[in-house]
Amino acid sequence: MIDSRFFKQQCYVDGAWIDGGNDTIAVNNPATGEIIGTVPKFGREETRKAIAAAERAFREWRHVSAEERGNACRRIHDALMDNQTELGRILTTEMGKPLAEANGEVAYAARFFKWFGEEARRLYGDVIPSPFGDKRIIVTKEPVGVVGSITPWNFPTAMIARKAAAAIAAGCPIVCKPASQTPFSALAYGVVAEEVGLPKGLLNVVTGSASAIADEFCENPAVRKITFTGSTPVGKGLAAKASAHMKRISMELGGNAPFIVFDDADLDRAVDGAIACKYRNSGQTCVCANRLYVQAGVYDAFMAKFAAKVSGMKVGDGLEEGVAQGPLIDESAVEKSLEHIADARAHGGEIVVGGARHELGLTYFQPTVIRNATQEMLIARDETFGPVAPVFRFDTEEEVVRMANATEYGLASYFYTSDLGRAFRVCEALEYGMVAVNEGVLSTEVAPFGGVKDSGMGREGSKYGLDDYVNVKYALIGGLGK
Ligand code: SIN
């Protein structure tokens, strides 16, 4: 149990808190292994009711003015910020990330509501110059309808925000299905919705069987859009099912981010960027550096500075002061890191820092640095989603661009250089939806977040983020005379 009015162990549907019968899902604190509480295990029938409630809400909400929709988002922003530390504590307790990161995530989430609340008023259409003297062509944007959202455990508050804020601002109700490991941050949105006076059914949170809820989202004709953040295989399966019913989809999927350091880079800046990029959320983000490429001339110097900083990182319970890395989410996350390390060793990699479970036990893991990484290693192809940094050596710009692009993923990429020509050349050559030059963290609500290739489709945040939640309607107004 967490002592907070935001801590709810029921689902939030049609403005009410409901149980799901006898079936429940237990949720644990990865830092202690203790059960924090349980949530209902909804299946298709309960999800259908939530969708029906959202459909009823849509009848009204689609006609609410842009200003009012914006104000609703702004009230959610304010509620999140007024309760930032309380919500941050729930987040850390169920997910494990350090409290400072959790508080940062709540603020990040709140900013999406502020941003999209403002964007609601700029959902402009068009008047197209008509080729006919007696006709006019008008383009408007209309909300798509009920949105089904499926979000992961790594950013339990912010990933919902990116979707729910855009949906509400565009005029769409939403049914949110959070990850079963981290449902409480999602259910806290139900309390927020109540306290800020959202209409019933506009924001619903259902917990339970991922496959049953996803199937209902895909097959229920009332759901007009599905938005998903998670793994590429699951995203592909969802996209296939949703396309059979011609639903709009946004897919924010896996990544395999390259982080490149050229000889001419500011090395201290690159080291700090690599730490932030690799070890944020213990390496459990889709945009984390998965492969660090360092040019031969600065390889040793980079390794020395990077390894020294990583060795100093404090591992522990995210609620403790000064902890830089909390536990991993579960045992399978630990096993994946171990598998990548063993494979790297077998291919000649040298473990410079860490390389094993942490002495704290449970799912704590040592921040790890691997020297002499090569393209033959599993870690070059597969997303680790853990605190393991393989450092590859390269000689030329052409070579590193080829290696960086040699993946089916295309989400985030990073490089460090002080050469302006190279900055533009490499930026254009990287086959990624996002590129950061001389920066290790690129997420912000004002920029379009999303990938290419197997990393998905659609963009979240920014002025483009509303596009996925609206239909473009063309109206031809004729019979106007000359
Ligand atoms: C993610 O890992 O999917 C999101 C990370 C972010 O928003 O920075």
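Counting only residues that are part of a loop (DSSP other than H, G, I, E, B), at negative phi, of a type outside the set (Lys, Arg) and within 16 Å of the ligand (Cβ to nearest atom), the range 451-475 holds 4 of them. Going through the range 424-450 one residue at a time, which ones are under 25 Å from Pro143 (Cα atoms), part of a loop (DSSP other than H, G, I, E, B) and not small (Gly, Ala, Ser)? Thr444, Glu445, Val446, Pro448, listed by residue number.
Can we say Ser332 is more than 17 Å from Ala276 (Cα to Cα) and hydroxyl-bearing (Ser, Thr, Tyr)? Considered against the rule, which asks whether it is more than 17 Å from Ala276 (Cα to Cα) and hydroxyl-bearing (Ser, Thr, Tyr), Ser332 comes out as yes. Per the conditions (1) assigned to a strand (DSSP E or B); (2) over 29 Å from Ala100 (Cα atoms), the sole criterion not satisfied by Ser149 is (2).
Residue count for the range 178-207, restricted to those that are within 16 Å of the ligand (Cβ to nearest atom), not in a helix (DSSP H, G or I) and not polar (S, T, N, Q): 2.
Summed over the range 175-206, residues that are under 14 Å from Ile51 (Cβ atoms) and in contact with a Lys or Arg (Cβ under 7 Å, 6 or more places away or on another chain) total 2.
Could you please find all residues in the range 17-47 being open to solvent by 40 Å² or more (accessible area, probe 1.4 Å) and more than 28 Å from Leu328 (Cα to Cα)? The answer is Trp17, Ile18, Asp19, Gly21, Asn22, Arg44, Glu45, Glu46. The single condition among (1) within 16 Å of the chain's Cα centre (by Cα); (2) surrounded by fewer than 22 Cβ atoms within 10 Å (Cβ to Cβ); (3) under 26 Å from Ala66 (Cα atoms) that Asp467 does not meet is (1).
Kindly establish whether Ser413 is under 24 Å from Ser462 (Cβ atoms), outside any loop (DSSP other than H, G, I, E, B) and not aliphatic (A, V, I, L, M). The answer is yes for Ser413.
Could you tell me whether Lys305 is in a helix (DSSP H, G or I) and more than 16 Å from the ligand (Cβ to nearest atom)? Answer is yes for this residue. From the list Leu187, Leu198, Leu123, the lone residue that is of a type in the set (A, V, I, L, M, F, W, C) and either open to solvent by less than 10 Å² (accessible area, probe 1.4 Å) or within 20 Å of the chain's Cα centre (by Cα) (or both) is Leu187. I'd like to check something: does the range 303-322 contain any residue that is within 22 Å of the chain's Cα centre (by Cα), closer than 14 Å to Gly283 by Cβ and surrounded by 19 or more Cβ atoms within 10 Å (Cβ to Cβ)? No: zero hits. The criterion of at least 2 residues that are closer than 15 Å to Thr151 by Cβ and not hydroxyl-bearing (Ser, Thr, Tyr) is met by the following strands (runs of 3 or more DSSP E) wholly inside the range 208-291: 223-229, 248-252. Would a scan of the range 337-349 turn up a residue that is surrounded by 18 or more Cβ atoms within 10 Å (Cβ to Cβ), part of a helix (DSSP H, G or I) and of a type outside the set (A, V, I, L, M, F, W, C)? For the range 337-349, residues surrounded by 18 or more Cβ atoms within 10 Å (Cβ to Cβ), part of a helix (DSSP H, G or I) and of a type outside the set (A, V, I, L, M, F, W, C): present.
Between Gly235, Gly230, the distinction of being within 16 Å of the ligand (Cβ to nearest atom), modelled with pLDDT of 95 or more and open to solvent by 10 Å² or more (accessible area, probe 1.4 Å) belongs to Gly230 only.
Of all residues in the range 236-253, none satisfies being in contact with a Leu (Cβ under 7 Å, 6 or more places away or on another chain) and not acidic (Asp, Glu). Select, from Val298, Val271, the only residue that is away from the ligand (no atom under 16 Å from the Cβ), modelled with pLDDT of 95 or more, under 22 Å from Ala380 (Cα atoms) and open to solvent by 10 Å² or more (accessible area, probe 1.4 Å). One residue alone meets the criteria, Val298. Within the range 149-175, residues that are closer than 15 Å to Tyr12 by Cβ and away from the ligand (no atom under 12 Å from the Cβ) have Cβ atoms under 8 Å from residues that are among the acidic types (Asp, Glu) and part of a helix (DSSP H, G or I) in these pairs: Pro173/Glu55, counting only partners at least 6 apart in sequence or on another chain.
So that you can scan it fast, the table gives a plain yes or no per residue for (1) hydroxyl-bearing (Ser, Thr, Tyr); (2) out of contact with any strand residue (DSSP E or B) (no Cβ under 8 Å at 6 or more places or on another chain); (3) open to solvent by less than 10 Å² (accessible area, probe 1.4 Å):
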{"site": "Cys218", "(1), (2), (3)": "no, no, yes"}
{"site": "Pro221", "(1), (2), (3)": "no, yes, no"}
{"site": "Ala240", "(1), (2), (3)": "no, yes, no"}
{"site": "Arg248", "(1), (2), (3)": "no, no, no"}
{"site": "Gly254", "(1), (2), (3)": "no, yes, yes"}
{"site": "Ala257", "(1), (2), (3)": "no, no, yes"}
{"site": "Ala276", "(1), (2), (3)": "no, yes, no"}
{"site": "Gln284", "(1), (2), (3)": "no, yes, yes"}
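Asn438 fulfils the conditions (1) out of contact with any Lys or Arg (no Cβ under 9 Å at 6 or more places or on another chain); (2) of a type in the set (S, T, N, Q); (3) away from the ligand (no atom under 16 Å from the Cβ) except for a single criterion, (1). Considering (1) surrounded by fewer than 17 Cβ atoms within 10 Å (Cβ to Cβ); (2) touching a residue at least 12 places away in the same chain (Cβ under 8 Å), the lone condition that Arg69 does not fulfil carries the number (1).
Residues in the range 87-118 that are open to solvent by 10 Å² or more (accessible area, probe 1.4 Å) and basic (Lys, Arg) were compared, and the one that is nearest to Gly70 (Cα to Cα) is Lys114.
Confirm whether Ala79 is touching a residue at least 60 places away in the same chain (Cβ under 8 Å), open to solvent by less than 60 Å² (accessible area, probe 1.4 Å) and not in a loop (DSSP other than H, G, I, E, B). Yes, satisfied. I'd like the full set of residues that are assigned to a loop (DSSP other than H, G, I, E, B) and either within 19 Å of Ile174 (Cα to Cα) or of a type in the set (S, T, N, Q) (or both), limited to the range 16-40. Correct list: Asn22, Asn29, Thr32.
The values are calculated or read from the model by the stated rules, or taken from the named source; none is laboratory data. Nothing here was measured: the structure is a model prediction, and the numbers come from that model. Reconstructed Cβ throughout: ideal geometry from the backbone, glycine too, with neighbour counts over all protein chains shown. These area figures cover heavy atoms from the full protein model, side chains too; ligands, DNA and RNA do not enter into them. Shrake-Rupley method; radii C 1.70, N 1.55, O 1.52, S 1.80 Å.
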